[in-house]
Amino acid sequence: MAAKLALRSIARGIANLDTEIAEIDEELKPLVKKATPTTISRTGIGIQHAATLLIAAGENIDRFGSERAFAKLCGTAPLPASSGQITRHRLNPGGNREANKALHMIVVVRLRYCDDTRAYMQRRLAEAKTKKEIIRCLKRYIIRQIYRDLRADLATLELRT
């Protein structure tokens, strides 16, 4: 009986937290839409992903000298991982892991719903690249897009406010 009561109490707590998360998400939507209209218009980038990347960028995205610095912050800057005659790169294990996770989910969505991304995957598979390498390349491509979009969005946000 005590176990049932404890489980019921935990379930109520989870339900309350779910409600609270939903309320906060509703408050977050208009803020992110206002701050990043171009960014969220891209395929695979939703409110949560845009918010995560916006937090990673911070209020002043100009503090990054280039998109390479932003890529490094997000853990998508390539690191050499070559051995012998094979030349390879891997993702940087450092950086903001939440931003990297958001980028990974954006890649997964694009691989599922974007014909251009699927064609890219097939072309790179034909070149004998592994799926990990292809996802690394896609993350790098997406971070370039997002960096440009966030810079533009935040520049126009300053003008709008």
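Every number in this text was worked out from the coordinates using simple rules, so none of it is lab data. Everything numeric here is computed off the predicted structure, so don't read it as measured data. Don't worry about glycine lacking a Cβ; one is built from the backbone with ideal geometry, like all the others, and counts go over all protein chains shown.
The table below lists the values:
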quantity	calculated
Ala69/Ile10 FRET efficiency (R0 41 Å; Cβ-Cβ; nearest 0.05)	0.40
Segment Ala81-Arg123, length gained on full extension (0.36 nm per residue, minus Cα span)	12.9 nm
Added length on full extension, which subtracts the Cα-Cα distance from 0.36 nm per residue, Asp115 to Glu59	16.8 nm
Gain upon complete extension [Thr43, Thr156; 0.36 nm per residue less C-alpha separation]	38.6 nm
Relative contact order of region 36-160, pairs being alpha-carbon contacts under 8 Å that are 6 or more residues apart, as %	33 percent
Label point 7 Å beyond Cα of Lys29 along Cβ direction - residues of region 39-57 with amide nitrogen under 13 Å	47-48
Positive-pole candidate from Ala22, Leu79, Leu7, dipole of the chain, charges at beta carbon	Leu79
Whole-angstrom gap from region 82-126 to region 12-81, using each part's C-alpha centre	18 Å
Value of Rg to Rh for the chain (Rh from inverse mean 1/r over Cα pairs, i.e. Kirkwood)	1.09
Among Leu31, His49, Ile106 - extreme Cα towards positive end, dipole of region 4-161, charges at beta-carbon	Ile106
Over the chain: helical MRE at 222 nm, DSSP H runs n ≥ 4 each giving -39500 (n - 2.57), nearest 500	-24000 deg cm²/dmol
